[in-house]
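Read the structure below first, then the notes.
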Amino acid sequence: MEERAPGLAVELLDHAASAVRDRAMDIEGPYVERCWTHIVGPTAVVLLRCLKWRAGGAVDPAELAAVIGAGNDPAGKAVWRALNRLGRYGLVYAEGVRVEVYRQVAPLGPNQLDRAPVLVREAHRELWGAV
């Protein structure tokens, strides 16, 4: 019998950093998909938005994986990998099974923009401002 992953306790919060809150883009907005997808990948972007919709309760990672089209692994490994990527770039804070999903995202940093494809830099300029 395969082991099921523990449920995730999801909270939706304003971003912890005031600099992000003061000039931020909503996670449902086009900046996430047009700019952050290049960094965290499409699975992580879909997961981020799905977590927002599921905030306030416990969510089964395996069910989340199936909902976002990331497989049917009972351990929800694709969800855990995507959560790690989102956490690495400050889009969520995850500790154990507790996940804080931020309503806002920061802009890509200068180093990320320097390495980004032209379409991402153009989207950043259009949606956020000068590069």
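With respect to the stated conditions, residue 80 fails to be under 18 Å from residue 24 (Cα atoms), touching a helix residue (DSSP H, G or I) at 6+ places or on another chain (Cβ under 7 Å) and touching a residue at least 12 places away in the same chain (Cβ under 8 Å).
Identify all residues within the range 39-73 that are part of a loop (DSSP other than H, G, I, E, B), buried (at least 16 other Cβ atoms within 10 Å of the Cβ) and of a type outside the set (A, V, I, L, M, F, W, C); write none if there are none. Hits for the range 39-73 are 54, 60, 73. Residue 56 meets all of the listed conditions (1) within 30 Å of residue 128 (Cβ to Cβ); (2) under 16 Å from the mean Cα position of the chain (by Cα) but one, namely (2). Residue 93 fulfils the conditions (1) touching a residue at least 12 places away in the same chain (Cβ under 8 Å); (2) part of a helix (DSSP H, G or I) except for a single criterion, (2). Within the set 20, 32, the sole residue that is outside any strand (DSSP E or B), under 14 Å from the mean Cα position of the chain (by Cα) and in contact (Cβ under 8 Å) with a residue 60 or more places away in the chain turns out to be 32. For the range 18-42, a residue qualifies if it is within 18 Å of residue 52 (Cα to Cα) and among the acidic types (Asp, Glu), and the qualifying residues are 26, 28, 33. The single condition from (1) closer than 20 Å to residue 104 by Cα; (2) out of contact with any Pro (no Cβ under 8 Å at 6 or more places or on another chain) that residue 31 fails is (2).
FYI, it's all coordinate maths here, none of it is from the lab. Here the structure is a predicted model, which means the values were calculated and not measured. All Cβ positions, even for glycine, are placed from backbone atoms using ideal geometry, and neighbour counts span all protein chains on display.
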